[in-house]
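Trainee: This structure is in structure tokens; I'll ask about it shortly.
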Amino acid sequence: MLDANNSQLSFIYGCFPSYVSLYAANLLIRKHKLKPAAIFISTRSVYIKGKKISGISGFHFFLKNFGIRYMFYQWIIAIVLPLIAIVFGKFKKCEGLISFQELAQTYNFQLIYSDDFSNDCRILEFLKKSRAKIFLSLGLDQIIKPKFLEHFETACVNIHPSKLPDFRGVDPIFQFLLSEEPKLGVTLHRIEQGI
């Protein structure tokens, strides 16, 4: 679907900012030479049972409800993996990951931050003017609504890091690590109006 030789096939990448989503953006743009029309970054706050989860109280909530193993896992993917990537990149004398902002400046595309892609006027206006035919999401923490979906004539697709229906929902990799399953798959699926 995404072909570097087809300049007519434009896409938009949507994600929650994480090491994994940044790594994927660097692969798509720098390694595979695909230029997005934009990257939409989610700024959505975490709410559980109507309560905003953040800061010290958020740390306490996750620790109490999900345990020390989950907190350790989050620490690994949020701090340790990026540090390893930086150090490994320097020791290997190869070019490391560059930030979403640097990608947008270097490769001349828009970077739009929003807590609600489907209802954000800036995003909807951008989509009206854009010729992007595909929306690709990875690790997105938002439910995409029909008025967003209707702007893409080819497809809206999501990359889910497990073979669905196994480990669906939030943090499928952590769920996999707690399981006794020997293999973890990946699912590429269309985003449609139903959930």
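Trainee: Could you grab me the full set of residues in the range 105-123 that are assigned to a strand (DSSP E or B) and open to solvent by 50 Å² or more (accessible area, probe 1.4 Å)?
Mentor: Within the range 105-123, 110, 113 qualify.
Trainee: Do you know which of the residues in the range 124-138 that are part of a loop (DSSP other than H, G, I, E, B) and not charged (D, E, K, R) is least open to solvent (accessible area, probe 1.4 Å)?
Mentor: Taking the range 124-138 first, the residues part of a loop (DSSP other than H, G, I, E, B) are 130-133.
With not charged (D, E, K, R) added as a condition, the list becomes 130, 132.
Details: 130: 29, 132: 8 Å².
Result: 132.
Trainee: Here's a follow-up. If we keep just the residues of the range 49-75 that are of a type in the set (Val, Ile, Thr) and open to solvent by 50 Å² or more (accessible area, probe 1.4 Å), which is nearest to residue 107 (Cα to Cα)?
Mentor: Top of the filtered list is 56.
Trainee: Identify all residues within the range 184-195 that are within 19 Å of residue 141 (Cβ to Cβ), in a loop (DSSP other than H, G, I, E, B) and open to solvent by less than 80 Å² (accessible area, probe 1.4 Å); write none if there are none.
Mentor: 191, 194
Trainee: For residue 89, state whether it is small (Gly, Ala, Ser), within 17 Å of residue 23 (Cβ to Cβ) and either more than 16 Å from the chain's Cα centre (by Cα) or at pLDDT 70 or above (or both).
Mentor: So residue 89 fits the description; yes.
Trainee: Next question, about the same structure. From the residues in the range 169-183 that are open to solvent by less than 70 Å² (accessible area, probe 1.4 Å) and either at pLDDT 85 or above or small (Gly, Ala, Ser) (or both), which one is farthest from residue 69 (Cα to Cα)?
Mentor: Keep residues of the range 169-183 that are open to solvent by less than 70 Å² (accessible area, probe 1.4 Å), which gives 169, 171-176, 179.
Filter once more, so that each one left must be either at pLDDT 85 or above or small (Gly, Ala, Ser) (or both): 169, 179.
Details: 169: 18, 179: 13 Å.
Going through the qualifying residues, I end up with 169.
Trainee: Quick one: count up the residues across the range 157-168 that are in a loop (DSSP other than H, G, I, E, B) and open to solvent by less than 50 Å² (accessible area, probe 1.4 Å).
Mentor: Within the range 157-168, residues that are in a loop (DSSP other than H, G, I, E, B) and open to solvent by less than 50 Å² (accessible area, probe 1.4 Å) number 3.
Trainee: Cβ-Cβ distance below 9 Å, separation of 6 or more or different chains: which pairs start in the range 63-83 with a residue that is without any contact (Cβ under 8 Å) to a residue 12 or more places away in the chain and assigned to a helix (DSSP H, G or I) and end on one that is hydroxyl-bearing (Ser, Thr, Tyr) and open to solvent by less than 70 Å² (accessible area, probe 1.4 Å)?
Mentor: 63/70
Trainee: Quick one: in the range 1-26, of everything that is open to solvent by less than 60 Å² (accessible area, probe 1.4 Å) and part of a helix (DSSP H, G or I), which residue is modelled with the lowest pLDDT?
Mentor: 19
Trainee: If a residue must be among the polar types (S, T, N, Q) and closer than 29 Å to residue 183 by Cβ, how many such residues does the range 143-167 contain?
Mentor: The initial filter retains those residues of the range 143-167 that are among the polar types (S, T, N, Q), namely 154, 158, 162.
Next, only the ones that are closer than 29 Å to residue 183 by Cβ stay: 158, 162.
Of the residues in the range 143-167, 2 are among the polar types (S, T, N, Q) and closer than 29 Å to residue 183 by Cβ.
Trainee: Also, I was wondering about something else. List, please: which pairs have Cβ atoms under 8 Å, are six or more places apart or on different chains, and start with a residue in the range 158-178 that is on the phi > 0 side of the Ramachandran plot and end with one that is assigned to a loop (DSSP other than H, G, I, E, B) and among the polar types (S, T, N, Q)?
Mentor: 167/179
The values are calculated or read from the model by the stated rules, or taken from the named source; none is laboratory data. Worth saying up front: this structure is predicted, and the values here are computed from it rather than measured. Note: ideal-geometry Cβ built from the backbone for every residue, glycine included; neighbour counts use all protein chains shown. We work out accessible area using only protein heavy atoms, side chains counted, and drop any ligands, DNA or RNA first. Shrake-Rupley method; radii C 1.70, N 1.55, O 1.52, S 1.80 Å.
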